[in-house]
Amino acid sequence: MSDLELYLDLVSQPCRSVYLFAKANNIPFEHHEMKLFKGDHLTEEFKKVNPLHKVPVLKDGDFTLVESTAMLRYLVQKYNTPDHWYPSDLQKRARVDEYLAWQHTNTRPHGCRVFWVKCMTPVITGIEAAPEKLDQVLAEFGDIMTQLEEKFLKERPFLAGDEITLADLVAIVEIMQVVASGVPIFEERPKLDAWKQRVEEALGPELFIEAHEDILNIKEQQLNLLTPEVKEQFRGRLLLFTNCGMWLC
């Protein structure tokens, strides 16, 4: 049994990035399958693993990490994965780091807003999001995708160069969350769609489909797992973020 343990729910974007990276690089790990909608993250048992009650979590013996981008960098260096993922060349690595820093306040929060407004808000509140709110968050996400294409992708095959890197991996899982909400983002952007196809091919189509199966079937399968306790937790957090002019990510 591997010393490496990963606590993951593949409906979560950061969990998918860690899972995809480990699987694509044949890194052995013990998979602790979590179900956020069932409240697995709220248990006292899991609190001992991560007091923040969040996934993903990486445990390597007595060493624990609870942030996905830190996990990815850790796995790169511990398992000496192919250089293209996180290049040893200083400037190439800086390009990857540039996207990983940018996405925290751009791709990730704006993609999350679309997901919560379009997909989760009706489930939690019983009311569809107001059209003007949905239009607003879709427009904002569209602006972010334009920036991603113009600033990072440009005319390159991948976001940071000629080969897939951690930047592409972190980007694709966030954008697929929007696709799972029912927004045909790739259909509207052929350049981005061509990039998505290259990322999928680099990871392996079967692995890509496997990692995204839960989120792409969220309305048909995963939301049925939502317990009253978790639904109430989500409702409280959603109201808090809404009243603050923010949306839960």
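The values are calculated or read from the model by the stated rules, or taken from the named source; none is laboratory data. Since the structure is predicted, the reported quantities are computational estimates derived from the model, not experimental observations. Glycine also receives a Cβ, built like all others from the backbone with ideal geometry; neighbour counts cover every protein chain displayed. Heavy atoms of the whole protein, side chains included, go into the accessibility calculation; ligands, DNA and RNA do not. Shrake-Rupley method; radii C 1.70, N 1.55, O 1.52, S 1.80 Å.
For residue 31, the criteria (1) within 25 Å of residue 220 (Cβ to Cβ); (2) touching a strand residue (DSSP E or B) at 6+ places or on another chain (Cβ under 7 Å); (3) surrounded by 20 or more Cβ atoms within 10 Å (Cβ to Cβ) hold in every case but one, which is (3).
Here residue 42 clears all of (1) open to solvent by 40 Å² or more (accessible area, probe 1.4 Å); (2) modelled with pLDDT under 95; (3) under 18 Å from residue 67 (Cβ atoms) except the condition numbered (3).
Note on region 161-192: residues that are of a type outside the set (A, V, I, L, M, F, W, C) and within 18 Å of the chain's Cα centre (by Cα) amount to 7.
When restricted to residues that are out of contact with any strand residue (DSSP E or B) (no Cβ under 8 Å at 6 or more places or on another chain) and either at negative phi or exposed (fewer than 12 other Cβ atoms within 10 Å of the Cβ) (or both), region 45-54 contains 6.
Residues of region 69-95 that are surrounded by fewer than 17 Cβ atoms within 10 Å (Cβ to Cβ) and aliphatic (A, V, I, L, M): 70, 90, 94.
Within region 40-68, the residues that satisfy the criterion of being closer than 20 Å to residue 170 by Cα and in contact with a Ser or Thr (Cβ under 8 Å, 6 or more places away or on another chain) are 55, 56, 57, 58, 68. Only one of these is in a strand (DSSP E or B) and out of contact with any Gly (no Cβ under 9 Å at 6 or more places or on another chain): 54, 59. Name it. Just one listed residue meets the conditions, 59. Evaluation of residue 9 against the conditions (1) in contact with a Lys or Arg (Cβ under 7 Å, 6 or more places away or on another chain); (2) among the acidic types (Asp, Glu); (3) farther than 17 Å from residue 214 by Cβ shows that the sole unmet condition is (3). Pairs meeting the criteria (first residue in region 184-198 and free of Cβ contacts under 8 Å to residues at least 24 places away in the same chain and within 16 Å of residue 212 (Cβ to Cβ), second residue open to solvent by 40 Å² or more (accessible area, probe 1.4 Å) and assigned to a loop (DSSP other than H, G, I, E, B), beta carbons under 9 Å, at least 6 apart or on different chains) are 193/187.
Among the candidates 57, 11, 66, the residue that is surrounded by 19 or more Cβ atoms within 10 Å (Cβ to Cβ), without any contact (Cβ under 8 Å) to a residue 60 or more places away in the chain and on the phi < 0 side of the Ramachandran plot is uniquely 57.
For residue 128, the conditions (1) assigned to a helix (DSSP H, G or I); (2) of a type in the set (D, E, K, R); (3) farther than 21 Å from residue 8 by Cα are fulfilled apart from (1). Within region 33-83, being touching a Phe, Trp or Tyr at 6+ places or on another chain (Cβ under 8 Å), more than 28 Å from residue 96 (Cβ to Cβ) and not charged (D, E, K, R) holds for 46, 49, 53.
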